[in-house]
Amino acid sequence: MSNLELQHDDVPAMAYDAFHAKAQAILSTVETVIDGKRDAVEMALTVLLAEGHLLIEDVPGVGKTMLARALARTIDCSVSRIQFTPDLLPADITGVSVYNQAERAFEFKPGPIFANIVIGDEINRASPKTQSAMLESMEEGQVTVDGSSYALATPFIVVATQNPIEMEGTYPLPEAQRDRFMARISMGYPDSTAELAMLRQRATSSPLAAVRPVVDSSELADMIATARAVYASRAVEQYAVAIAQATRQDRDLRLGASPRATLQLVRAAKARAALDGREFVLPDDIDALAIPVLGHRLIAARRAGAGSSVLSGGSVTDIIARIIADTPVPISASS
Amino acid sequence: MPETRRAPAPGEAERARGLDWLTSGVLLAAVGTSGAALSSILTDVQWWFVLMLVAAIVLGTAATVRSFARRRAWGSLGAALAAVGTLTLLFAPGSAILGIVPTFDTAGALRELEASGTASIASQSLPADADQGIVYLLCLGVAVICVVLDLFALTLRVPAFAGLPLVVLLLVPSLVDPSLNDGLFFALTAAAFVGLLLVRSRPASRGAGVGIAAGAVVIALLVPLGLPDVTPPDPGAQGSSGTATGINPILTLGDDLRQGDPSLALTYTTSEPGGVYLRLTALDDFSGASWKPSSTDVIAGNDVATIGAAPGLGADVPRAAATSDITVGNILSRWLPVPYAPTSITGLEGNWAWEPDALAIRTASSNARNQQYEVQSLTISPSVDQLIAAGTTVEPGLERYLALPDDMPAIVGQTALDVVGDAATNYDKAIALQEYFRGGEFTYSEEAPVENGYDGSGASVLEAFLKAKAGYCVHFSSAMASMARSLGIPSRVVVGFTPGDANTLPTGTEYRVTTHNLHAWPELYFAGIGWVRFEPTPGRGVPPAFAPLTVDDPTTPDVDESVPPPAATNAPVPSSTPTAAPSDVSDPSSTPVAGPDAPLGTISWWWALVAAIVALLLAPLVVRGIRRARRRVLTSRGSAAAAWDELRDTADDLGLATSPNRTPRQIALDLAPHLDDRGAAALARLRAALEREAFADRASGADAADLGAVLWSLRRKAGPLRALVSFIAPRSLVAGWLPAPSSADAD
């Protein structure tokens, strides 16, 4: 991640300059709330700019929800938050049709999913029925209630958090549903300096209250469009495909990366390149994103890691790292 | 997060260390199997264990040092020191400090050993006794090979090159004798080599490893075919000759005779008119597959100053003293060429002893080469009636001269009976046999069917010879001796030289004997007379002219032959005939110029081998240079990819990590510690150009000056030694076959 600041010598056009400036503004704003977690914040922003859904997985109390909320507050757009609980029903998410007696007709009351940014807290606490209602709308970009379809807002981004160790009363997401998230990141504990700084800051007030939006929703849509326009060469695409193929053939993996994963890997790489101020994707972008983008989609073969739970996937991370290290970087598209 | 995968996994260093030990073990096995191939030219097996001890100490020290040291090069240094220490301890502990730290005296002692080993190799025949000198030379060679193996396989991490020293060791027997190649040890060594490549390769490159190994096997099989035979050198000059060196000189006799250009074996002057037959040794044992000497022991105390009487020589047999001054050229032999029957030899260097039955003069440690000596001998001239008088008597104690192998073909005895007919005495029978061979029915041919082991003296060969009626002296002499034995006449085959060509010099008559004068002839024993030479080979040599039946005048010279028979006269000739000056013999101007096809001498052969190895070692430098030049041209045309390839290869050459699996940025980060500021800036520009060229939709050219700056900076930081090594032995040429070094090792 450190190379984000490394190179600005190859910034091409004004569009990327503006993009970069706004991205930096978002980053610095979020960092006032999340101390010492630049990597996680950048990854979250990358996913946001790639218009993907983000899954933040970590132990309680490291700031998952704080990150999601801070990110949402920097953008002047509609934000809703759903606290997932075992008794949450699909209608609580999508909304319901209620009978309007004055107009003598059913009227659709949109649920919290109708927002630009939806924060789903502890998503694995909801029942599978509710989860699937949420996840289907994530994929299709629309909600169907009583036979009528309602389009969701654009951009539409879900930032979900989940708890890896508090397994009691949770319903782990099936792999098909995990696949809908573009990336899964974890926060990790702050280092001692960051933790100390946090103590000072939080002594008086919540820093979240001070966060003011720095971009509006149309600017965000522009940024997303800019990120999509980043050039990915054939060589880079080949590299991404080679990694995906390798995950499917690896003996240590029971389930490899889906084509959707490859697609999202390249899309996220474009966003990362744009964040870096580049108009083209580098294999380094693919390398950096392979673990967040692929990690939650792959399932290790039973023998690969005795102690790895489905959620933590520690050994899967190692396997991806090995695959990246073993995959040749094509310097030209032919080789 | 992405950085974490570059950190070495826990236990990786441990695994690499284990791999190094395993590699050392495989190297030891390879040295063991290729060293075992020497068993085809050496007797016993003790020497092998000594070799393995040396190899184990050298490789073990290297592995131990390497497992502690931060730099791999320390392992090679340790190996070299261990090699010196081990050789000192084993061969010259007395002169060294604490037995292992060599001093100047040690160097002297080792040099003496080396000289004795060289002399031993030169004088011994196959299979040779591994005496201390030879074992020292072997240990020296193996120690050097182990150091080089370790250097290639572990320090420089180019295990594929380790095949080279192994092949050198494997080729030794083939160089000594091209007919010797032990497929078993070759296969075992090849297997060890494949094992080495497997150990040092990652799974992805194992196929390539097997490919190299297969290639190496093919090359090693083909290379000996293209090498010149080890044959005697410049004709006429005093080159070295492999002539008649062996325990059984008859083995190489055919080769020497067939050799295109004769080489000068020796020169002599003699008081005997017409020159003398010079005997090397007698082959009296025909119990096995072929004729061979029954004893090659050197009997201590049999000083050549006074040689015992000729066996069986009766008091009444006419004899005359003769004096011969012999100057031997560059022939390697443990037998001394002397006329029969020698009584005294003076002027020899080294320890020589006479053998009582054959009166052969043999040495254990010295060599006939370049000896200059004077032989007093008796020329024995029995009269025909004396020979006839011997009848068919066989004196007791001569039974072994009648022994024939069990598988003797019947045709030999049958032919003998047919030939002699009703001849009554042994002499008549012998003359009949000699006439049978010389009568015109048989033809002399050195090329006659030599396949299927015909080129020898064995029993089965005799059958083929008697049917083909063509052959050369070995066939004629062994056939006549065998037939004589079948008729009850004690016989043996003698190997030596015919008298040679007479040159009349102002100082007297000098005889020049070349390798084409090599000869074998039968000697038959007659009671009361002793051993008498016969000459069954047509066109070669001269049959002994025994004094006529009625004339018993020993002073009558036989003059009707262009080459007078050696036993024609016993008239004493003053032995004051001056000896040809040795300088005459070695004067190169007096020798014909070697043609282009002349076989190389042993010494120049080794130079050719060294030159070939040097050329082989320099080949990578040339190939790499061409590649570098091509890429520079491409870079100057703006190709960043070519510049990047060159950069990566140069880093590879220097032993720095540039895996193809790493992105340009990662490689740039890896190389950053090995660059100065200017180089780092140039590398950043080069990398940016490459990234744009490879991954952006608009390319921007690379700057050749940047490439130059980075390469220069890399080499400068690496140090002159490493830069030189990278120049001579560029790893990048074989990078595809080698495991990528981990970046952790490159610092």
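Quick note: the coordinates plus some simple rules give every number you see, no bench work behind them. Note that this is a predicted model, so its numbers are computed, not measured. Quick reminder, even Gly has a Cβ in these numbers, built from the backbone with ideal geometry, and neighbours come from all protein chains shown.
Shielding of A:279-292 by partners, i.e. mean partner chain Cβ atoms within 10 Å per residue?
5
Quote the charge dipole size of chain A about the Cα centre in Debye, to the nearest 20; the model charges only the Cβ of Lys and Arg (+1) and of Asp and Glu (-1).
In total the dipole reaches around 520 debye.
Ranking A:VAL281, B:VAL101 by Cβ neighbours within 10 Å, fewest first, what do you get?
Fewest-to-most Cβ neighbours within 10 Å comes out as B:VAL101, A:VAL281.
May I ask you to derive the FRET efficiency for B:ALA424 and B:SER445 from their Cβ-Cβ distance with R0 = 41 Å, giving the value to the nearest 0.05?
Here the calculated transfer efficiency is 0.75.
What range in chain A is the longest one free of GluC sites (Glu not before Pro) that are in a loop by DSSP and have at most 11 other Cβ atoms within 10 angstrom?
Segment A:169-335 is the longest.
Place a point 7 Å from the Cα of B:ARG637 along the Cα-to-Cβ direction; which residues of the range B:675-705 have their backbone N under 20 Å from it?
Of the residues in the range B:675-705, B:689-695, B:698-705 have backbone N under 20 Å from the label point off B:ARG637.
Just to be sure I follow: if Rg is taken over the C-alpha atoms of the range B:621-746 and Rh is the Kirkwood radius over the same atoms, what is Rg/Rh?
Value, to two decimals: 0.94.
Among B:ILE728, B:GLY655, B:SER713, whose Cα projects farthest towards the positive end of the dipole of the range B:621-746, with charges put on the beta-carbon of Lys, Arg (+1) and Asp, Glu (-1)?
Farthest along the dipole direction, towards plus: B:ILE728.
Averaged across B:133-143, how many Cβ atoms of other chains sit within 10 Å of each residue's Cβ atom?
Average per residue, whole number: 0.
Given the pairs B:LYS429/B:LYS469; A:LYS37/A:LYS129; A:LYS22/A:LYS270; A:LYS109/A:LYS129, which are separated by over 27 angstrom at their Cα positions?
Where the Cα-Cα span goes over 27 Å, the pairs concerned are A:LYS37/A:LYS129.
Using C-alpha positions alone, give me the convex hull volume of chain A per residue in cubic angstrom.
157 Å³
Averaging sequence separations of C-alpha pairs under 8 Å and six or more residues apart, then dividing by the length of chain A, give the relative contact order as a whole percent.
Relative contact order here is 23 percent.
When only alpha-carbon atoms are used, what values of Rg and Dmax, in angstrom, describe the range B:639-704?
Answer for the range B:639-704, Rg first and Dmax second: 11.2, 34 Å.
Taking every DSSP beta bridge that has both residues in chain A, what percent is antiparallel when rounded to the nearest 5?
40 percent
Let me check against my output: what whole-number percent is the relative contact order of the range B:246-384, with C-alpha pairs under 8 Å and at least 6 apart?
Over the range B:246-384, the number comes to 30 percent.
Show that you can apply the helix-only estimate: for chain A, add -39,500 (n - 2.57) for every DSSP H stretch of four or more residues, divide by all residues, and state [θ] at 222 nm to the nearest 500.
After summing the helix terms and dividing by residue count, I get -13500 deg cm²/dmol.
Computed from the mean reciprocal separation of all distinct C-alpha pairs, what Kirkwood hydrodynamic radius does the range B:246-384 have, in Å?
15.9 Å
Using unit Cβ charges (K, R positive; D, E negative) and no other charged atoms, how large, in debye to the nearest 20, is the dipole of the range B:621-746 about its Cα centre?
Rounded to the nearest 20 debye, it is 300 debye.
So what's Rg/Rh here for the range A:116-231, counting alpha carbon atoms and using the Kirkwood radius for Rh?
Reported Rg/Rh (Cα atoms, Kirkwood Rh): 1.03.
Does the range A:169-233 come out rounded, prolate or oblate by the C-alpha gyration tensor, with a ≥ b ≥ c the root eigenvalues, rounded set by a/c under 1.5 and, if not, prolate when a/b is larger than b/c and oblate if not?
Oblate is the answer for the range A:169-233, as a/c is 1.5 or above yet b/c matches or exceeds a/b.
Given an 8 Å cut-off on Cα distances and at least 6 residues of separation, report the relative contact order of the range A:169-272 as a percent.
Relative contact order here is 30 percent.
What's the average, rounded to a whole number, of partner chain beta-carbon atoms within 10 Å of each residue's beta-carbon in B:685-693?
The shielding value for this peptide is 3.
Rank B:GLY329, B:TRP354, B:LEU387 by how far each Cα sits towards the positive end of the charge dipole of the range B:320-438 (+1 on Lys, Arg Cβ; -1 on Asp, Glu Cβ) and give me just the farthest.
After comparing all options, I get B:GLY329.
Taking the Cβ of B:ARG731 as the center, what net charge do the other residues with Cβ under 9 Å away carry, scoring Lys and Arg +1 and Asp and Glu -1?
So the environment of B:ARG731 carries a net charge of -2.
Expressed as a whole number of Å, what is the distance separating the alpha-carbon centroids of the range B:463-508 and the range B:89-149?
With the range B:89-149 and the range B:463-508 each reduced to a Cα centre, they are spaced 42 Å.
Can you put B:PHE526, B:PHE49, A:PHE156, B:PHE437 in order, fewest other beta carbons within 10 Å first?
B:PHE49, A:PHE156, B:PHE437, B:PHE526
For B:ARG631, A:ARG272, A:ARG202, what's the fewest-to-most ordering of other Cβ within 10 Å of each Cβ?
A:ARG202, B:ARG631, A:ARG272
Once the Cβ-Cβ distance between A:ARG251 and B:LEU22 is put in as r, and R0 is 22 Å, what FRET efficiency do you end up with, to the nearest 0.05?
With a Förster radius of 22 Å, E is 0.40.
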